[in-house]
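The structure under discussion appears below in the form of structure tokens.
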Amino acid sequence: MTKILVFAIIFLSIVIIGSMYRAIKGPSAADRLIAINVIGTKTIVLILMISLVFRENYFVDVALVYALISFVASVVIANYIEKIGGN
């Protein structure tokens, strides 16, 4: 089971790198915001998978805190995009 989790961790890391490209090169601010949300979500899943591999429960707390910070950041960025006109 550990080999499957390690493969999934590597795959998620590749997806995060692809999302970083979209966050940098996105044609619009909305595309960048969605890419940042995807990066945040995949990072949370990645932290939880690492928690399973290492059998450490405190990583779950770290993932929850990261989820809260990611949500607040998304709301702030969305409000900023709305103020400037979305482009």
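Here, each number is a calculation from the coordinates, and none is a lab measurement. Computed from a predicted structure; not experimentally measured. Note: ideal-geometry Cβ built from the backbone for every residue, glycine included; neighbour counts use all protein chains shown.
Rank ILE16, LEU64, GLY85 by how far each Cα sits towards the positive end of the charge dipole of the chain (+1 on Lys, Arg Cβ; -1 on Asp, Glu Cβ) and give me just the farthest.
It is ILE16.
Given R₀ = 22 Å, what would the calculated FRET efficiency be for VAL65 paired with MET20, taking r from the Cβ atoms and rounding to 0.05?
On the way: r = 22 Å, r/R0 = 0.98.
According to the calculation, E is roughly 0.55.
If I model segment 40-80 as equal point scatterers sitting on the Cα atoms and use the Debye formula, what is log10 I(q)/I(0) at q = 0.17, 0.34 Å⁻¹?
-0.46, -1.06
If I take R0 = 41 Å and measure r between the Cβ atoms of SER74 and MET1 in this structure, what FRET efficiency does the formula 1/(1 + (r/R0)^6) give, to the nearest 0.05?
Working: r = 33 Å, r/R0 = 0.79.
Here the calculated transfer efficiency is 0.80.
Sum -39500 (n - 2.57) across every DSSP H segment of at least 4 residues in the chain, then divide by the residue count to get the 222 nm mean residue ellipticity, nearest 500. Please report the intermediate quantities before stating the final value.
Details: 3 runs with 77 residues, N = 87.
Per the formula, -31500 deg cm²/dmol.
Stretched out fully, how many nm does the piece from SER28 to GLU82 gain, at 0.36 nm a residue minus the Cα gap? If you can, show how the numbers build up before the last one.
Working: separation 54, 0.36 × 54 = 19.44 nm, distance 1.25 nm.
Difference between extended and current length: 18.2 nm.
In whole Hz, what ³J(HN,Hα) sequence does segment 68-83 give by Karplus (6.51, -1.76, 1.60; θ = phi - 60°), x for Gly and Pro?
5, 5, 5, 5, 4, 5, 5, 5, 5, 5, 5, 5, 5, 4, 5, 5
Taking every pair of alpha-carbon atoms in the chain, what share in percent sits in each 5 Å bin, from 0 to the bin with the longest distance?
All Cα pairs considered, the percentages come to 3, 15, 20, 20, 17, 11, 8, 4, 2, 0.
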